[in-house]
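First the structure, in the form of structure tokens, and then the observations on it.
We did not get these values from a lab; they are worked out from the coordinates using the rules stated. Since this is a predicted model, take the numbers as computed values, not measurements. In this analysis, Cβ positions are derived from the backbone assuming ideal geometry, glycine residues included, and neighbour counts consider all displayed protein chains.
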Amino acid sequence: MTPILVLLFGIHPASAEGTDLLYASITKTGGTLVHGLNKTVNWQITGRLASGSILTTAITILVLSYFAGESNSIGQIISTVLGFALILTAVALVFRKWILDFFARRFGEPSPSRTKWLTVALGAWLGVLVSLSSVGAGAIGVTVLLILYPRLPIAQIVGSDIAHAVPLTLIAGLGHWYLGDVNFVLLISLLVGSLPGIAIGSHIAARVPDKVLRPILAGTLAVVGGRLVA
């Protein structure tokens, strides 16, 4: 969403990101309700992620507020971080199986204590990354969680990641709102447009194989990410 707003609509990166974060907090709340009803949210994992991300999100917003007067510099930083985040997401999408196999062979399953603190550290990293780019809590977060919790059903991994994204994007979005980086007319337009978009996308995704969708999405992210970095 953020790169589309920046590259196609010419919206300032900070405003695009802040609007996208609040948009994501609303849409992911619906996803969390569905996963919660289906009992596919591991609230312990969600809590561990949030305990790391809430603090780093707040710190990142405070740092951005300190440099609030330097609009062009902040916009350039956000664009660059966003570009790298999109490229990392593309890599995670394409090479997820290879990455998981590599860590399984090299390190095996981590101990419960190490898993706990690595999950908190993952949350802290995502707090910074999402606050600066609005990207990272999806494919990157899920890939790392699959490494840390190889015995957990993937539905619970995805549900826990979506549930964590709600407080993460909400806090980051409110922080950007405080900085004046949220366009509410744009936010409402996105929410209205997302209703038919979700229906159409779900209809198509149910009929197109994952092996077709994944490379297309990864390739698009990589190209857009490269353009933002350049």
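By the scheme Lys and Arg +1, Asp and Glu -1, what is the net charge of all other residues having a beta-carbon under 14 Å from that of Gln156? Before the final figure, lay out each step's value.
Numbers: positive: Lys39, Arg48, Arg151; negative: Asp161.
Net charge in that neighbourhood comes out at +2.
Test of understanding: what is the full-extension gain from Leu55 to Leu217, defined as 0.36 nm times their sequence separation minus their Cα-Cα distance?
On the way: separation 162, 0.36 × 162 = 58.32 nm, distance 3.12 nm.
Roughly 55.2 nm would be gained on extension.
At 7 Å along Cα-to-Cβ for each site, give me the label-to-label distance between Arg114 and Ile200 in nm.
In this crude spin-label approximation the distance works out to 4.8 nm.
Pull out the extension gain between Ser65 and Thr29, defined as 0.36 nm times the separation in residues minus the alpha carbon to alpha carbon distance; nm, one decimal. It would help to have the intermediate numbers written out before the result.
Working: separation 36, 0.36 × 36 = 12.96 nm, distance 2.67 nm.
That pair, Ser65 and Thr29, stretches by 10.3 nm at full extension.
At q = 0.12, 0.13, 0.16 Å⁻¹, work out log10 I(q)/I(0) for segment 156-216 with the Debye formula, treating every Cα as an identical point scatterer and leaving solvent out; two decimals please.
Calculated log10 I(q)/I(0) at the listed q: -0.50, -0.59, -0.83.
Among the complete DSSP H segments of the chain, which ones combine at least 24 Å of alpha-carbon extent along their axis with a mean Kyte-Doolittle hydropathy of -1.0 or more?
Values: long enough: 13-37 (35 Å, 0.25); 43-66 (34 Å, 1.03); 71-94 (34 Å, 1.77); 112-133 (31 Å, 0.85); 154-178 (36 Å, 1.00); 184-205 (29 Å, 1.97); 210-229 (28 Å, 1.01).
Correct list, ordered by number: 13-37, 43-66, 71-94, 112-133, 154-178, 184-205, 210-229.
If you find the alpha carbon centre of segment 181-230 and of segment 90-136, how far apart are they in angstrom?
If we compute the Cα centre of each part, the gap is 23 Å.
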